Every structure is written in structure tokens, then in C-alpha cells.
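**Q** There's a structure below that I have some questions on.
The values are calculated or read from the model by the stated rules, or taken from the named source; none is laboratory data. These numbers were taken from a predicted model, which means no experiment stands behind them. All Cβ positions, glycine included, derive from the backbone under ideal geometry; neighbour counts span all protein chains shown. Quick note on the areas: whole protein, heavy atoms, side chains included, nothing else; ligands and nucleic acids left out. Shrake-Rupley method; radii C 1.70, N 1.55, O 1.52, S 1.80 Å.
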Amino acid sequence: MPAFKGRMSERQMDDLVAYVMAMAGMPEPEDSLSSHGLERAEALGCVGCHGSGGRLAHSNPGSLKGYVPSWDGEDFPELVRDSTEFGQWVNRGVSRRFEHNQFARVFLDRAVLEMPAYERHLSPGDLEALWAYVRWLRSSKPEQIHTHHPEGE
């Protein structure tokens with residue numbers, strides 16, 4: 001987007017592209033488990049903070065990076081190492097690794113938005129479906145969302 005050079009950062013352009021693509025109806029999973037995960041994410045309200053389809057990073061002042069991470073974002077693997085840790089975040093609102101880390105605790109405590117604990121709101125199979133959707137989303141992530149922009153473009 002040469003017209004926006006100097007007006008928007010690379011991250012802001014990536015976020016704008018992700019937003020437009022999400023609103024335009026990005027592809028959805030065809031397998032039933034991942035598709036059910038997307039449906040449950042919408043029904044549980046996950047998309048209220050993680051954005052449409054879990055693809056957008058909404059602002060979260062006070063948090064470590066200043067936003068709620070998207071499920072297809074570059075920093076997601078830093079926050080969620082595997083399905084067990086994903087389950088901790090969903091069920092308890094925080095992973096054990098972050099809960100017991102004093103540095104992480106500072107940012108968790110001062111963030112405006114806090115991850116809610118969904119344990120009492122989940123139906124049997126929801127966690128597996130949500131994780132299947134996140135894995136699908138990360139494996140089918142369009143290349144153009146977070147690409148390197150060469151100097152001078």
C-alpha cells in the first residue's frame with residue numbers, strides 16, 4: 001500500500017489487511033470438528049476480544065504487547081505452546097506457566113481486558129473443537145496477512 005507509506009506502520013497495514021479479509025468472509029474450515037470450533041468460539045463470545053474468526057488483535061492497554069492476541073498471530077505460539085496450555089487458558093483464563101511467572105503476572109494484572117474462565121460454559125467436546133479450529137486457522141493462514149514489506153515499497 002504505497003499510498004500509506006509513512007502514515008501507517010507495517011503492523012497497522014497488516015492489521016488493516018487482516019480486518020478487511022476477515023470482514024470479507026475469509027475461508028472457513030471444511031472439516032466438521034474445526035467448523036464446530038469456529039461456531040463455538042462465536043457462541044461463547046471469544047470473537048468479541050480475539051476478533052472475527054479469532055483473526056484480529058484488539059487493543060488491550062496495559063497488557064504486555066498492548067493488544068489481545070489473534071489466534072493466527074505471530075506471537076500466539078509464545079503464549080500457547082500446546083493443546084494442554086490452550087485448555088488452561090480457555091478453562092481458567094490463564095495458563096499455569098503465566099500464572100506462576102511474576103513478570104507475566106504484572107501484565108496480566110494491569111491489562112484492561114482479562115481472559116475469562118470458560119470452564120463452566122463449555123460443553124463436552126468444545127475444547128477439542130476450539131483447538132482444532134485454532135490449528136486449522138494457523139495452518140491455513142494466508143501469506144499476505146503478515147508479510148515482510150521490502151524497503152522502498
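**Q** What is the number of the single condition among (1) in contact with a strand residue (DSSP E or B) (Cβ under 9 Å, 6 or more places away or on another chain); (2) without any contact (Cβ under 8 Å) to a residue 60 or more places away in the chain that Leu113 does not meet?
**A** Unmet for Leu113, out of (1) in contact with a strand residue (DSSP E or B) (Cβ under 9 Å, 6 or more places away or on another chain); (2) without any contact (Cβ under 8 Å) to a residue 60 or more places away in the chain: (2).
**Q** Looking only at residues in the range 1-30 that are of a type in the set (D, E, K, R) and either in contact with a helix residue (DSSP H, G or I) (Cβ under 7 Å, 6 or more places away or on another chain) or modelled with pLDDT under 75 (or both), which one is farthest from Val134 (Cα to Cα)?
**A** Taking the candidates together, the pick is Lys5.
**Q** What are the residues in the range 83-101 that are part of a helix (DSSP H, G or I), open to solvent by 70 Å² or more (accessible area, probe 1.4 Å) and without any contact (Cβ under 8 Å) to a residue 24 or more places away in the chain, if any?
**A** Within the range 83-101, Thr84, Arg96, Arg97 qualify.
**Q** Among the numbered criteria (1) under 28 Å from Met8 (Cα atoms); (2) in contact with a helix residue (DSSP H, G or I) (Cβ under 9 Å, 6 or more places away or on another chain); (3) modelled with pLDDT of 90 or more; (4) open to solvent by less than 30 Å² (accessible area, probe 1.4 Å), which single criterion is violated by Val80?
**A** Only one criterion is unmet by Val80, namely (1).
**Q** Residue check, Pro124 against (1) open to solvent by less than 40 Å² (accessible area, probe 1.4 Å); (2) more than 17 Å from Ser139 (Cα to Cα), all met but one. Which one?
**A** With respect to (1) open to solvent by less than 40 Å² (accessible area, probe 1.4 Å); (2) more than 17 Å from Ser139 (Cα to Cα), Pro124 is out only on (1).
**Q** Got at least one residue in the range 102-110 being in a loop (DSSP other than H, G, I, E, B) and either out of contact with any helix residue (DSSP H, G or I) (no Cβ under 8 Å at 6 or more places or on another chain) or open to solvent by less than 30 Å² (accessible area, probe 1.4 Å) (or both)?
**A** no
**Q** Every residue in the range 88-104 that is under 13 Å from Met115 (Cβ atoms) and either within 15 Å of the chain's Cα centre (by Cα) or not aliphatic (A, V, I, L, M) (or both), please.
**A** Passing the criteria: Gln88, Trp89, Val90, Asn91, Arg92, Gly93, Val94, Ser95, Phe98, Glu99.
**Q** Test Tyr118 against the stated conditions and say whether it is modelled with pLDDT of 95 or more and open to solvent by less than 90 Å² (accessible area, probe 1.4 Å).
**A** So Tyr118 fits the description; yes.
**Q** Looking at Gly73, Gly37, which one is closer than 19 Å to Arg135 by Cα, in a helix (DSSP H, G or I) and either at pLDDT 90 or above or open to solvent by less than 50 Å² (accessible area, probe 1.4 Å) (or both)?
**A** Gly37
**Q** Which ones in the range 40-70 are at positive phi and open to solvent by less than 20 Å² (accessible area, probe 1.4 Å)?
**A** Passing the criteria: Gly51, Gly53, Gly54.
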